[in-house]
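Visitor: To start, I am sharing the structure in question, which I have written as structure tokens.
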Amino acid sequence: MFVYSRMATREIHFQDRRPPHEIQFVLEREMMMLLRPALEDSRLAFRASTKVNGVPYRVLLRFEAALPMTNCYVVQFEAAATDLSPTPPTGQRKNLDGWVDLWTRDFKAAAAPHTGEGSADRYRKLVEQAEAAEAHLQSVPAIQQEILKALRAGASFSTAHKEGGTNICFHRDRFVRTDYGESGLVEEFRDDAGFLAFLRKFYDWETSRNISPEKVPDYDAWKLMLRTVIPQQKPSPRAAASRMIPTITGYKVALALIVMGVAAVFVVVFGSQLFKVKTFGHPVGNFVRTKDHIAALIMTAEPHIQLSHRNPGRELQRFDLLLQPVDGQSLKRLIPIARRLPRLQYRTRMLGEDGDLLWFTAHEITGFDFKSEKVITASDRVHLTETVVFESAIVERKNSSFFPGL
């Protein structure tokens, strides 16, 4: 027990939604000392005494009130110097403020609660929760198993200094110690006993730094090591969303590539129809009246992609035979004659009806058989009598305008 002739004090009231034992764990980790719980005047309090740079400190954390949505706490620090201490009061106060600001950086100062403020029932339940939080950790082996369990669940240890640092975690089926910075040391531990022996030695100075060159009890050392475990973090909704951005972006890129691939296939398969200019046909030449129809030739430009510099010589056209029934009741018909013909100055004309055949000229002399409903050319009739009649007619009229160029 310290006998103080001079001291500097600091008191901070703050509110935090975390239960009292979690606030206790934060201070124990930051100050590297254990706080002993006790009920004082029906209030849960945690006390500890330690030294920092040879200066004795006393710490009190008290659970003041349990509000509906948060909890009220007060933490008090006393830094004292013995009569032999060369540190003047002003320097002593400066040191205290520096350490307290570091230890309490996670707490936000708030007004002290009013007398009787908060729920007594909720306060009692939180006290019970704090008392039961580590009731199962009454021995060194129990604490060791708690540490191993946390590491296997994704927790880790991490230290840092000016030359680098060390990370300790469980990877696949082993514990791994990895140094970074000046040292690139990597150690693996496949058995629990070997790893625990390494861990105790690794944290020996850290857990006893406040009382060096003395050592803290083994139980206290393992309890302080447990406090330094970094749990596997459950990201907040905002953090989870921010972490998803690269993934979503990756999905978007992959989706964009898939869409582009499908679009490319679509263009190859259907693009000739999708991006081509829609065209309309128009009658060319004269009309002919048959027994049941009025016939005309329809010329239509083939669908094509519209270019900035049009080249008519590369455009294609097609011919169809339009049969319009004279009875006014039957449906008109469009008979395909020729497709994808070069755009030339064809002289098209209906030649007339010859029995069951309707003759006309488009790119060549062509006929339509009403009986078989087939399109034929003069070469298709070489072995038939009608061919002779047709050829005779051609010879007699080869110089007329109906058969230009014959």
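Visitor: What is the pair-distance distribution P(r) of segment 6-132, computed from all Cα-Cα distances in 10 Å bins starting at 0, with each bin given as a whole percent?
Guide: Percent of pairs per bin, in order: 12, 43, 30, 12, 2.
Visitor: Between residue 302 and residue 211, what is 0.36 nm times their sequence separation minus the Cα-Cα distance? Round to one decimal in nm.
Guide: 23.2 nm
Visitor: Once the other residues with Cβ under 10 Å from the Cβ of residue 43 are scored (Lys, Arg +1; Asp, Glu -1), what is the net sum?
Guide: On the way: positive: 62; negative: 40, 41, 64.
Residues close to residue 43 contribute a combined charge of -2.
Visitor: What's the extension gain from residue 373 to residue 139 if we count 0.36 nm per residue and subtract their Cα-Cα distance? Let's see the in-between values first.
Guide: On the way: separation 234, 0.36 × 234 = 84.24 nm, distance 10.25 nm.
74.0 nm is the gain from fully extending residue 373 to residue 139.
Visitor: Which residues in segment 145-175 place their backbone N less than 19 Å from a point set 7 Å from the Cα of residue 191 along the Cα-to-Cβ direction?
Guide: Taking a point 7 Å out along Cα→Cβ of residue 191, the residues of segment 145-175 whose backbone N falls under 19 Å are 145, 148-149, 171, 173-175.
Visitor: Taking R0 as 41 Å, what FRET efficiency do you get between residue 204 and residue 111 from their Cβ-Cβ distance, rounded to the nearest 0.05? Numbers along the way, then the final one.
Guide: Values: r = 42 Å, r/R0 = 1.04.
Efficiency, from the Cβ-Cβ distance: 0.45.
Visitor: Within segment 7-35, which residues have the backbone N less than 16 Å from the label spot 7 Å out from residue 47 along Cα→beta-carbon, could you tell me?
Guide: Flagged as within label range: 34-35.
Visitor: For segment 140-227, divide the Cα radius of gyration by the Kirkwood radius and give the resulting Rg/Rh value with two decimals.
Guide: Details: Rg = 13.1 Å, Rh = 13.6 Å.
Dividing the radius of gyration by the Kirkwood radius yields 0.96.
Visitor: Compute the distance in nm between two label points, each set 7 Å from the Cα along the Cα-to-Cβ direction, one at residue 219 and one at residue 30.
Guide: 2.7 nm
Visitor: Taking K and R as +1 and D and E as -1, what net charge do the other residues with C-beta under 14 Å from the C-beta of residue 132 add up to? If you can, show how the numbers build up before the last one.
Guide: On the way: positive: 124, 125; negative: 22, 128, 131, 134.
It works out to a net charge of -2.
Visitor: Evaluate the Kirkwood expression for the hydrodynamic radius of segment 319-373, namely the inverse of the mean inverse distance over all pairs of different C-alpha atoms, and round to one decimal in Å.
Guide: Numbers: mean 1/r = 0.0803 Å⁻¹.
Hydrodynamic radius (Kirkwood, Cα pairs) of segment 319-373 is 12.4 Å.
Since every read-out is calculated from the coordinates, none of them should be taken as a lab result. Fair warning: this is a prediction, and the values are worked out from it, not measured in the lab. Note that we place each Cβ from the backbone using ideal geometry, even for glycine, and neighbour counts take in every protein chain shown.
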